[in-house]
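First comes the structure, then the notes that go with it.
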Amino acid sequence: MATEVRLPRLGQGMESGTIVRWLKSEGEPVKKREPLYELDTDKVTQEVEAEADGVLLRIVVREGEVDVGTTIAVIGKEGEDVSAALLPAETSRGNGSESAEAARGGAEAPAAPEPASREPRPSPPGSPHEGRRRASPLARRIARERGIDLATIAGTGPDGRIIAEDVEKAQPAAAAATAAPALPAEVEVVELTTIRKTIARRLTEAWTAPVFQLGVSADMTEVLHLREQLVAGLAEGDVKPTVNDVLTKLAGVALMRHMPVNATFDGETIQRSALAHVGMAVAAPNGLVVPVIRDAGRSTIQQIARQRADLVVRARAGKLTLGDMQGGTFTISNLGMFGVEQFVAVLNPPQVAILAVAAVKDTPVVVDGELDVAPMMQMTLTCDHRAIDGADGAEFLRTLVALVEQPALAL
């Protein structure tokens, strides 16, 4: 019996996703747990695996945004009749995106279903939804955040339902009506990816939080010396630890001693974690992503280095999974490798704090009344004041500076 492939819910709050491309073609054999298609959610683009063995008999939705639970393909035995499985799916699908009709090439279909269309469809007269606008939860959330009236938007979903893509298109349309300046020919227009849209939305949310920043300097002499020792003792083929790996370890230990900073805030409650799961900001081709180093406080620096190397490679290849991105309790953003001497990082909600790390720079310092030169590094902690008080952040930084200047205390 044919198996319907439905769009999965890959995380709490996910209502829809965008199919980027199929990794298998119709008629191709498929094995269970083999990558089947790429799905773009509001957090990450990842490969989704097949749930059954067989042949990919039909691709119902080739690309575009669809709701969770929508039938997007059918897997079965070669030559199996899938019309019975597709009928309810195509009926409920309504708009159909790039329809199965298109996928079949059209001519061979014995009884063509309703042609696919992305044109707006009003609610049928007399339907229970007449008089109010139907919209997906994601579309409502985006509209609410951007102050867009759903009544002004034409839905392209089933029965005129407004989907996120409709809301995304509405804002530039409104802007064009008021301004619409002509772009010079040499201007490159870049369409926002789902991840880039999410970055914009989440950082805007972060900007509404009441935050404060605390800055300190730390002598990196002992950290640099420790890293040199670790590199000198590496086994052949092992991952070389970076300064950031050492900082991740030290921050993890400090977070376990200062749980108010190692927390998340959902608007109603604060969840403080006994373990430090430290996110690291990585510039990936599709935008900034924050994969998570698990249990950084209890991991060795070498274990952190291996985790970091694997996550960075997969981030830049667009192969991170939602599991790689979820569960972080704190984030480190390091721009030291670019020579940045100081900066303030924006919160990564729902986490309540983020550490901005700058470059290590030889700096004149006074030691025991004598002028000296030391490799100093600026660190700036951004805190959500709804969950953290100034003293909480200051005590965390004091511990972190102490560990940076004497790393042996954390090993």
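One table, with the values for the structure above:
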{"quantity": "Boolean, residue 368 is at positive phi and open to solvent by 10 Å² or more (accessible area, probe 1.4 Å)", "calculated": "yes"}
{"quantity": "Within the range 255-268, considering residues that are over 21 Å from residue 280 (Cβ atoms) and of a type in the set (D, E, K, R), the one most open to solvent (accessible area, probe 1.4 Å)", "calculated": "268"}
{"quantity": "Answer from 216, 167, 231 - the residue that is at pLDDT 85 or above, closer than 30 Å to residue 291 by Cα, in a helix (DSSP H, G or I) and open to solvent by less than 50 Å² (accessible area, probe 1.4 Å)", "calculated": "231"}
{"quantity": "Subset tally (residues that are of a type in the set (S, T, N, Q), outside any strand (DSSP E or B) and either closer than 17 Å to residue 321 by Cα or open to solvent by less than 40 Å² (accessible area, probe 1.4 Å) (or both)) for the range 20-68", "calculated": "1"}
{"quantity": "Among residues of the range 201-213, those that are part of a loop (DSSP other than H, G, I, E, B) and of a type in the set (Gly, Ala, Ser), counted", "calculated": "1"}
{"quantity": "Scan of the range 328-372 for residues that are among the aliphatic types (A, V, I, L, M) and not in a strand (DSSP E or B), ordered by number", "calculated": "335, 337, 340, 344, 345, 346, 347, 352"}
{"quantity": "Test: residue in the range 245-254 that is open to solvent by 30 Å² or more (accessible area, probe 1.4 Å) and hydrophobic (A, V, I, L, M, F, W, C)", "calculated": "no"}
{"quantity": "Checklist (1) at pLDDT below 95; (2) touching a Pro at 6+ places or on another chain (Cβ under 7 Å) applied to residue 301, failing item", "calculated": "(1)"}
{"quantity": "The range 69-79, residues that are open to solvent by 20 Å² or more (accessible area, probe 1.4 Å) and either touching a strand residue (DSSP E or B) at 6+ places or on another chain (Cβ under 6 Å) or modelled with pLDDT of 85 or more (or both)", "calculated": "69, 70, 77, 78"}
{"quantity": "Only one of 278, 290 that is at pLDDT 95 or above and in contact with a Ser or Thr (Cβ under 9 Å, 6 or more places away or on another chain)", "calculated": "278"}
{"quantity": "Those residues of the range 220-245 which are in contact (Cβ under 8 Å) with a residue 60 or more places away in the chain, among the hydrophobic types (A, V, I, L, M, F, W, C) and more than 10 Å from residue 302 (Cα to Cα), in sequence order", "calculated": "220, 223, 224, 226, 243"}
{"quantity": "Filter pass, residue 323 being farther than 20 Å from residue 400 by Cβ and modelled with pLDDT under 90", "calculated": "yes"}
{"quantity": "Residue 387 surrounded by 15 or more Cβ atoms within 10 Å (Cβ to Cβ), more than 24 Å from residue 242 (Cα to Cα) and in the same structural domain as residue 222 (by the TED database)", "calculated": "yes"}
{"quantity": "Exclusive hit being at negative phi and crowded, with 21+ Cβ neighbours inside 10 Å, set 315, 309", "calculated": "315"}
{"quantity": "Every pair of residues 6+ apart whose Cβ atoms lie under 8 Å, when the first sits in the range 268-292 and is more than 25 Å from residue 303 (Cβ to Cβ) while the second is open to solvent by 50 Å² or more (accessible area, probe 1.4 Å) and not in a loop (DSSP other than H, G, I, E, B)", "calculated": "285/316; 286/196; 287/196"}
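The values are calculated or read from the model by the stated rules, or taken from the named source; none is laboratory data. Quantities reported herein were computed from a predicted structural model and do not represent experimental measurements. We place every Cβ from the backbone using ideal geometry, glycine too, and count neighbours over all the protein chains shown. Only protein heavy atoms, including side chains, enter the accessible area calculation; ligands, DNA and RNA are left aside. Shrake-Rupley method; radii C 1.70, N 1.55, O 1.52, S 1.80 Å.
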